[in-house]
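The structure appears right after this line, and notes come after that.
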Amino acid sequence: MDHAFSFRRFGYALAAMFVVLSIGTIGFRHILHESWLQSLYRAVVSSSLTGLDTVPPSDSARILTMFLVLAGISIFAYIGSLVVEAIARGVIGGMWGERRRRRAIEALRDHYVICGFGRVGRRVAEEFLHERAPFVVLDYSLEAKEAAEEAGVLFIEGNGTDDDDLRSTGLERARGLVAASDDDSDNLYIALSAKAANPHLLVVARASNEDAAKKLRLAGADRIVQPYQAAGRSMANLLLRPQVTAFVDVVTSAAGTDLRFEEIEVTTECGQGGRSIRELDIRKETGALIVALRKRDGTFDTTPTPEAVVDVGDVLIAAGTEDELRALESLFAPRQTVAR
């Protein structure tokens with residue numbers, strides 16, 4: 001609000017300068033009977049304090065010149081105070097910062113978009129930051145903006161339900177989107193718009209109840225998270241299976257132990273499809289452990305044996321340290337990429 005007010009006053013100063021120049025041009029034209037261009041030139045030279053072209057030949061012209069000089073001093077002093085005020089308030093620095101931020105967002109590729117920076121959105125951002133995953137936040141509240149600035153994350157002030165604001169996040173180049181608004185209807189619209197703009201986008205949406213979850217699935221959301229349901233299940237399991245729940249929470253958190261879970265899709269380019277886990281000798285080659293296989297038909301093999309065959313399109317669910325999982329990714333990377 002204050003920044004807008006400063007710019008408005010700057011506009012008033014420019015308008016005042018235009019009025020002064022108009023008075024000077026018309027006055028010199030009437031008093032000295034000079035051409036319009038010469039009258040304008042004399043008015044500009046006098047009011048801009050660059051000196052006088054010639055000494056005014058009459059008292060009327062001298063009085064007008066003194067008026068223009070004093071008006072010019074006042075206007076330039078006023079403009080100067082506005083510039084100092086703008087610098088002090090960080091307006092200019094903010095404009096440069098916004099420009100750098102926009103460039104950073106335009107350079108993003110295969111990134112993630114967080115729509116809604118409340119408690120859930122901020123927790124998602126913390127996990128992304130720890131995993132060094134590129135992402136941008138979209139929200140319109142002042143509280144969210146301040147939290148994003150404090151966390152040092154890329155932030156766009158806008159509404160996820162607005163198609164233009166959504167596209168400004170680089171949605172067409174994004175890998176995934178989190179609809180984390182507190183409002184189910186907003187998440188529904190975000191999921192629908194995101195899938196329309198990028199059908200290949202992985203959309204994870206928050207839902208407050210099962211009815212909202214069903215509608216989000218119809219809108220195209222790939223995964224639905226119900227915080228209250230998840231919290232209830234976790235609290236029950238902490239009582240019923242405390243050690244198992246604590247272990248799963250630690251290994252699935254970015255701030256947990258060195259042990260991590262990762263998923264790796266088997267592609268045609270890697271050349272490993274059609275071979276068994278024993279033939280691949282994954283444990284020996286990488287140190288990682290295959291704990292589950294998601295087959296192409298969507299079913300899970302939760303206890304894969306060494307004879308289990310890994311086909312193209314399957315997804316490996318592996319556990320290991322960062323180095324072990326990195327070695328596993330290299331094993332299943334496209335061959336031409338490895339050759340580089």
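Computed from the C-beta positions of GLU262 and ALA230, the FRET efficiency with R₀ = 22 Å rounds to 0.55. Of VAL250, VAL291, VAL203, the residue with the greatest mean-square motion in the GNM of the chain, using alpha carbon springs below 10 Å, is VAL291. When the chain is described by a simple charge dipole with +1 on each Lys and Arg Cβ and -1 on each Asp and Glu Cβ, the residue from VAL203, ILE31, VAL251 located farthest towards its positive end is ILE31. Ranking of TYR140, TYR41 by solvent-accessible surface, largest first: TYR140, TYR41 (1.4 Å probe, protein heavy atoms only, all chains present). Subtracting the Cα-Cα distance of ILE26 and ALA133 from 0.36 nm times their residue separation leaves 32.1 nm of extension gain. By the helix-only formula, in which each DSSP H run with n ≥ 4 contributes -39500 (n - 2.57) and the sum is divided by residues, the chain has a 222 nm mean residue ellipticity of -17500 deg cm²/dmol. Which shape class, rounded, prolate or oblate, goes with segment 93-208 when its Cα gyration tensor gives a ≥ b ≥ c as root eigenvalues, a/c under 1.5 marks rounded, and past that a/b bigger than b/c marks prolate? Here segment 93-208 falls in the rounded category. About its Cα centre, segment 206-340 has a charge dipole of approximately 400 debye under the convention of +1 per Lys or Arg Cβ and -1 per Asp or Glu Cβ, with nothing else charged.
With +1 on the Cβ of every Lys and Arg and -1 on the Cβ of every Asp and Glu, and nothing else charged, how large is the dipole of segment 78-213 about its Cα centre, in debye rounded to the nearest 20?
Result for segment 78-213 is approximately 720 debye, rounded to the nearest 20.
Taking the Cα centre of the chain as reference, the dipole from Cβ charges on Lys and Arg (+1) and Asp and Glu (-1) amounts to some 720 debye.
Just by accessible area at a 1.4 angstrom probe, what is the order of HIS30, HIS130 from largest to smallest? Walk me through the numbers on the way to the answer.
Numbers: HIS30 140, HIS130 95 Å².
Final ranking, largest accessible area leading: HIS30, HIS130.
Taking packing as the residue-averaged number of other Cβ atoms within 10 angstrom, the listed peptides 296-303, 66-73 run from highest to lowest as 66-73, 296-303. Over all pairs of distinct alpha carbons, what does the Kirkwood formula give as the hydrodynamic radius of segment 152-307, in Å? It is 18.8 Å.
Relative contact order, whole percent, for the chain stands at 10, derived from Cα pairs under 8 Å and 6 or more residues apart.
Taking all protein chains as shown and a probe of 1.4 angstrom, HIS33 keeps an accessible surface of around 150 Å². Only aspartates and glutamates eight or more places from LYS195 in sequence, or on another chain, were considered; those with a Cα closer than 18 Å are ASP110, ASP162, ASP163, ASP164, ASP165, GLU172, ASP184, ASP186, ASP222. Can you give me the long-range amide H partners of PHE155? Hydrogens built in the peptide plane at 1.01 Å from N, cutoff under 5 Å, separation of 5 or more residues or another chain. Under 5 Å from the amide H of PHE155: VAL137.
Positive end of the dipole of the chain (Cβ unit charges, origin at the Cα centre): among LEU289, SER141, ALA333, the Cα lying farthest that way belongs to SER141. In the chain, taking the dipole from charged Cβ atoms about the Cα centre, the farthest positive-side position among ASN237, PHE18, VAL84 is held by PHE18.
Taking every protein chain into account, the accessible area of the chain amounts to 60 square angstrom per residue (probe 1.4 Å). Note on the chain: Cα Rg divided by 2.2 N^0.38 Å, N the number of residues, gives 1.61.
The values are calculated or read from the model by the stated rules, or taken from the named source; none is laboratory data. Since the model is a prediction, treat every value here as computed from it, not as a measurement. All Cβ positions, glycine included, derive from the backbone under ideal geometry; neighbour counts span all protein chains shown. All accessible areas refer to the heavy atoms of the entire protein, side chains included, with ligands and DNA or RNA removed. Shrake-Rupley method; radii C 1.70, N 1.55, O 1.52, S 1.80 Å.
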